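As structure tokens, the structure follows; a few thoughts come after it.
The values are calculated or read from the model by the stated rules, or taken from the named source; none is laboratory data. Note that the structure is predicted; figures quoted are calculated from it, not measured. Positions of Cβ are generated from backbone atoms using ideal geometry, with glycine treated the same way; all protein chains shown enter the neighbour counts. The area values use the complete protein model at the heavy-atom level, side chains included, leaving out ligands, DNA and RNA. Shrake-Rupley method; radii C 1.70, N 1.55, O 1.52, S 1.80 Å.
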Amino acid sequence: MSKKTIKDIQIEDKTILVRVDFNVPLKDGQISDDNRIVAAIPTIKYLLDNNAKVVLCSHLGKIKNEEDKEKNNLKVVVPRLSELLGVEVKFSNEVVGESASNLIKGLKRGEVLLLQNTRFEPGESKNDPDLASKLSEGIDVFVNDAFGSSHRKHASTYGVVEVLKGEGKESAIGFLVEKEVKALNRCVEAKIKPFVAVLGGAKVSDKIKVIDGLLEKADKLIIGGAMSYTFLKALGYEIGKSRVEEDQIEYAKNCLDKAKGKIILPIDHIIADDFQNPTKINVSMDQNINEEYLGVDIGPRTINYFKEELNGSKMVFWNGPMGVFEVDNFANGTKEIAKAIGSLENAFSVIGGGDSAAASKKFGFSELFSHISTGGGASLEMIENDGHLPGIDIIEDKQGEHNED
Ligand code: ADP
Ligand code: MG
């Protein structure tokens, strides 16, 4: 069953609370990448064009103390958001409370108010019912357009929807969530074959559940990046000083047994004596890495091998860089594999990871991909949980519809 979208609801004159994902990266107090703000614009514009009163809420960063609050004041988003919308965005210094309530009440149609960082409220991450009910005050409709937060069962993604539902009020997903769900559901359903998953990045333990899920759905699982050393070690290869998770070796062995040849691993590596200040950089002879070195990227023979394995695939899900792509000397594997995935003919290609998305942008390949998810954690959990995320499940289903297209 598909979810109600903003096209299915009455908008005019309604006060609509939109959960957006404005969890943007900050550098020296400035927004260093505005992707997530840009991604939320179509929904907000549509609501404003249709005469709604729009209240936006989002978290930003992790909040443990007062210093974190200073660093993660959501007001930082207002100028860029106003510019993109062409409307002056009002800001409430409080998430909930009297002044926030008054600002909401004072909204006119076509106006937008952004609430302070939801994580300034300790009840947010605990899905506190009291906070949820305060967030629902003065609100007629809830819209989830925060794909990147939809795997969280928090007051602003989940609790508030329950409260509003209890009051007989409507909820819907926005255009961004609709687009994300459509794209990622193709990977969940895995009907387009051959389906190849490419995994990389730093930690096996972060991605255990998705490896299980992908082993069932994908025809092949290509593993590069630091993750691959744990798998190679499980097979008995020498991996030198490379990053490895000893406690995941048993798990890696089980995966390799279960995979029956579906897991494709590097056959050579770029190796260095140090990540930050390497004095020696080399290419390994084979899978093994000499004890003086650590693996920092996939090697040239691996690049060709992975490209051959990708050849002819019709759907690819990519999560995790093939090497330490932030360092120019160790970026080639990620660059070449990103280009190879993006250049597949008539293939549906999805990036589902923050660093992988940043890598594709850095190399100028973003346009080559069918879909780049705004939520790394959420896209992985969606695949793990067979298409389910709490923040999306809680939204009302479309009426009179029994089949998904
Ligand atoms: P994503 O955000 O796309 O899901 P991850 O967060 O899992 O990706 O991993 C990204 C990180 O993995 C990058 O910072 C990259 O430097 C690191 N990485 C990749 N290969 C290696 C390696 N061989 N050794 C150490 N770190 C690596
Ligand atoms: Mg990451």
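Filtering the stretch 268-277 down to residues that are at pLDDT 95 or above and not aliphatic (A, V, I, L, M), which residue is surrounded by the most Cβ atoms within 10 Å (Cβ to Cβ)?
Taking the stretch 268-277 as the starting set, the residues that turn out to be at pLDDT 95 or above are 268-273.
After this cut, where a residue has to be not aliphatic (A, V, I, L, M) as well, the list is 268-269, 273.
Values: D268: 21, H269: 33, D273: 16.
If we take residues in the stretch 268-277 being at pLDDT 95 or above and not aliphatic (A, V, I, L, M), then H269 is surrounded by the most Cβ atoms within 10 Å (Cβ to Cβ).
So, in the stretch 387-405, how many residues would count as being assigned to a helix (DSSP H, G or I) and open to solvent by 50 Å² or more (accessible area, probe 1.4 Å)? Working first, answer last.
Kept after step one, since they are assigned to a helix (DSSP H, G or I), are these residues of the stretch 387-405: 390-393.
Right, trim to open to solvent by 50 Å² or more (accessible area, probe 1.4 Å) and you get 393.
Within the stretch 387-405, residues that are assigned to a helix (DSSP H, G or I) and open to solvent by 50 Å² or more (accessible area, probe 1.4 Å) number 1.
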Practice task
Name the one entry in A40, A100 that is of a type in the set (A, V, I, L, M), touching a Lys or Arg at 6+ places or on another chain (Cβ under 9 Å) and in contact (Cβ under 8 Å) with a residue 12 or more places away in the chain.
Solution key: A100
Completion exercise
Across (1) touching a His at 6+ places or on another chain (Cβ under 9 Å); (2) over 25 Å from L235 (Cα atoms), Y293 clears everything bar (2)
Practice task
Would you please name the residue that is nearest to ligand 1 (Cβ to nearest atom), looking only at residues in the stretch 359-386 that are among the hydrophobic types (A, V, I, L, M, F, W, C) and either open to solvent by 10 Å² or more (accessible area, probe 1.4 Å) or without any contact (Cβ under 8 Å) to a residue 12 or more places away in the chain (or both)?
Solution key: L380
Practice task
Looking only at the stretch 40-99, count how many residues are out of contact with any strand residue (DSSP E or B) (no Cβ under 9 Å at 6 or more places or on another chain), hydrophobic (A, V, I, L, M, F, W, C) and within 25 Å of G138 (Cβ to Cβ).
Solution key: 2
Exercise for the section: Could you tell me which of the residues I192, I223, I211 is touching a residue at least 60 places away in the same chain (Cβ under 8 Å) and farther than 19 Å from K4 by Cβ? Expected result: I192
Handout entry: Subset of the stretch 187-233 (residues that are farther than 11 Å from I383 by Cβ, more than 16 Å from ligand 2 (Cβ to nearest atom) and of a type outside the set (A, V, I, L, M, F, W, C))
Key = K191, K193, P194, D219, K220, S228, Y229, T230, K233
Exercise for the section: Go through (1) crowded, with 20+ Cβ neighbours inside 10 Å; (2) more than 19 Å from D268 (Cβ to Cβ) and name the single condition E326 misses. Expected result: (1)
